[in-house]
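Notes follow once the structure below has been shown.
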Amino acid sequence: PMVASALILNLTNLIDTVTIQNRLAYAISQRPDIIKDMFGASFKAANILDKDMVKYLYGTYGSVLDFRNLIPTITMSLGVSALPAISAAWALKDQKSIKLTIESVLRVTMLVALPAGIGMAVLSNQILTIVYGGSNADIIPIAAPIMATYGYATALMALSTPITNLLQGIGRTDIPVKSLLVGAIIKISCNYIIVGNPHYNINGAPFGSILCYIAIVCINLFSLLKISRVKINIVSIFIKPLFCSGLCGATAWAMYGLSFRLFEKINLFSNHLVFISTIISIMFAAIVYSISLLLIKGISKDDITMLPKGEKIAKVLAKYGLLG
C-alpha cells in the first residue's frame, strides 16, 4: 500500500519534469516579450540570460514542490495506520466500524490539511522570504503565487493517499490505479495547454496538478462510499474544519500585518522582522483554530484517541462538552 500511495505523488512529479519544461520552452519561444514583462525584475536580479529562462523558471517552480508535498507526506500515514482496522471491519462485514474508520480518516486528514494549506497560502510570501530571503530572494515574486495556489489545494492532495489506502483495505486496489491514469491524462493535457500559453507559462503549472488530484479524489471517494455503502457526515468532515481553517487563515493574515507594523514602528526585531512576525501569526492562528474547533464541536472522541494520551484528553474535553 505504501508503494502504491507514493506512486501517485511521485508520478505527478515525473509528469511535471517532462512536460512543464517542454511546454515552458515552447511558450518562451512563441512570446518571449510576455515572459520578460512578467518576470523581468527577477531575471535582472539573478542575471538570467534568455537561454536560461526555462531552467530558471522551472527551478523556481521546483523550490515550491517541497512545501506542496509536506502535508500530503504527513497525512500519508493516516491511511496506512487505518488499513488493519478497515480490513478487519470489511472482513467481518461490520458496517458500523467501516463507517467509523472511513469518517475518522477523512476528518483527521481535513483537520490537519485544511489549516496547514490555508496558512501556507496566506503566508506564502513570508515563508519563502524566511527560507530564500538571502541570495535567492529573486525567486520569491515568482514562487509565492504558485505556493499560494498549491496551499489552497493542499487538502485535496492530502486526501488522495488515505482514500487510496482505504480502498486497498477493502480489496479494491484496481480503482486507485484507474483513477491515477485518468489524473495523469488530465495533468498532461493541462500542462500542454496552460503552461504552453505564454500568458500563463509557469503560473499555469499548479492547475494541472490540482485538476489531476481533483479527478483522483473524486473517483476514489465516490467508489469507496459506493462499495462500502457508507454515508459520511459532510458537515463534520468537511464543513466544520473548513470554517475553522478560514478563521485560522484570517487570523494569520491579520496578526502578521499587525505584528509587522508594530515591531517596525517601535524598531524592535528589525533584523528578524519577517521571521518573528510570521511565528507570532502562526501561534495566534493555531490558538484560534483550536478554540473554534472545540466551540463548534468539530472534533470527535475517536479523533482524539488517535493522539498520544488521547483517552485522557478525550475525557477532559467530554467533561466540558467540547467533543462532537
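Each value in this text was obtained by applying a stated rule to the coordinates, not by laboratory testing. As the structure is a computational prediction, the values presented were derived from the model and not from experiment. No Cβ is skipped: glycine too gets one built from the backbone with ideal geometry, and neighbour counts run over all protein chains shown.
Overview of values
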{"item": "Over the range 187-242, relative contact order from alpha-carbon pairs under 8 Å, at least 6 apart, %", "result": "25"}
{"item": "Percentage relative contact order, the chain, counting C-alpha pairs under 8 Å, at least six apart", "result": "22"}
{"item": "Full-extension gain in nm, Thr17 to Ser290, via 0.36 nm per residue minus C-alpha separation", "result": "94.4 nm"}
{"item": "Degrees separating the helix 310-319 axis from the principal Cα axis of the chain, which is the longest one", "result": "80"}
{"item": "Folded to 0 to 90 degrees: helix 174-190 orientation relative to the chain principal axis, Cα", "result": "20"}
{"item": "Computed helical MRE - 222 nm, the chain, DSSP H runs ≥ 4 contributing -39500 (n - 2.57), nearest 500", "result": "-27000 deg cm²/dmol"}
{"item": "Tilt relative to the chain, helix 53-91 - C-alpha long axis, 0 to 90 degrees, to 10", "result": "10"}
{"item": "Fully extended contour minus Cα-Cα distance, from Tyr192 to Lys312, at 0.36 nm per residue", "result": "37.9 nm"}
{"item": "Zone residues, the range 115-139, relative to Phe275, backbone N less than 15 Å from point 7 Å out along Cα-to-Cβ", "result": "126-135"}
{"item": "Derived scalar couplings ³J(HN,Hα) [the range 121-136; Karplus, 6.51 cos²θ - 1.76 cosθ + 1.60; whole Hz; x for Gly, Pro]", "result": "5, 5, 9, 4, 4, 5, 5, 5, 5, 5, 7, 10, x, x, 6, 9"}
{"item": "Kirkwood Rh, angstrom, the chain [1 / mean 1/r, Cα pairs]", "result": "21.3"}
{"item": "Relative contact order of the range 1-114, defined on C-alpha pairs under 8 angstrom at six or more residues apart (%)", "result": "25"}
{"item": "Positive-pole candidate from Val54, Tyr213, Val122, dipole of the chain, charges at beta carbon", "result": "Tyr213"}
{"item": "Of Lys93/Lys297; Lys99/Lys301; Lys231/Lys312; Lys96/Lys226; Lys96/Lys315, those spanning more than 24 Å from alpha-carbon to alpha-carbon", "result": "Lys93/Lys297; Lys231/Lys312"}
{"item": "Whole-Å semi-axes of the range 178-324's equivalent ellipsoid (Cα gyration tensor)", "result": "34, 31, 11"}
